[in-house]
1. Where Lys and Arg each count +1 and Asp and Glu each count -1, what net charge lies around K151 among other residues with Cβ under 9 Å from its Cβ?
2. First compute the accessible area of segment 65-157 with a 1.4 Å probe, then give the percent of it belonging to carbon and sulfur atoms.
3. Compute the signed sum of charges (Lys and Arg +1, Asp and Glu -1) over the other residues within less than 12 Å, Cβ to Cβ, of S167.
4. Expected output is a single nm value to one decimal: the length gained when fully extending between H100 and A138, i.e. 0.36 nm times separation in residues minus the C-alpha distance. What is it?
5. Can you check how the C-alpha radius of gyration of segment 75-182 compares to 2.2 N^0.38 Å, as a plain ratio?
6. Give me the accessible area per residue for segment 73-182, probe 1.4 Å, as a whole number in Å².
Amino acid sequence: MLWFNHPKPVGSRKPIAVLVQQHRDQRSTITLETPHADIPALHANGDLVLMPLEFSVRYSLVEYVSFMWQHAHHLIRRRRIHAPASWYMLVKTTWASAFHFVTQGRSRHTYAFTIDRHGIVRTGPGGVTLIGWEDVSAIRSYARGRLMVLKRGTLPIPSRCLTREQSDSLAAYAAWVREAAH
């Protein structure tokens, strides 16, 4: 944002934070309570519990390209596009995702994830991203891990970053997302 189009308080030269601090209107307080859907995580004994997941990921180019190659292959196969157009699209989309991976410097950054019944929180160098479960279309399994398919984009989760219990819990989240879609 440029300096000349940055929002400024109207009628006052005080910083916006000071104005927000001074403004305390207690008359119209609204409390909203939303029901939370219980998302089951299954343990080996079959008990239903909610197990939040916390892990961090630093992607490698080979790993990221593998996720995108397999995901693009899945999408092309679902749309029933035949060769040679399918190979052209597969190479093109995988190359584009690798190009964006390199230009955005994703191999240099570590991303911290927290997944619980409220949603997904991804913390990285760009800040915190909050993703609600209503934005998750599917959680797909691939050779190197799982891929969360969002309404806008994807989140690859490598298997090497998860313990066995976390992997089982993520599989339960995947089953819950699949049930919610039907």
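The values are calculated or read from the model by the stated rules, or taken from the named source; none is laboratory data. For clarity, every value in this text was computed on a predicted model and none was experimentally measured. A quick note on method: Cβ atoms are made from the backbone with ideal geometry, for glycine too, and the neighbour counts reach across all protein chains shown. Surface accessibility is based on the protein's heavy atoms, side chains included, excluding ligands, DNA and RNA. Shrake-Rupley method; radii C 1.70, N 1.55, O 1.52, S 1.80 Å.
1. Values: positive: R152; negative: E134, D135.
Summing Lys and Arg as +1 and Asp and Glu as -1 gives -1.
2. Values: 3170 of 5610 Å².
The computed percentage sits at 56.
3. Values: positive: R146, R160, R164; negative: E165, D168.
Net charge around S167: +1.
4. Numbers: separation 38, 0.36 × 38 = 13.68 nm, distance 2.29 nm.
Separation in residues times 0.36 nm, less the Cα-Cα distance, equals 11.4 nm.
5. Output field value: 1.18.
6. On a per-residue basis, 62 Å².
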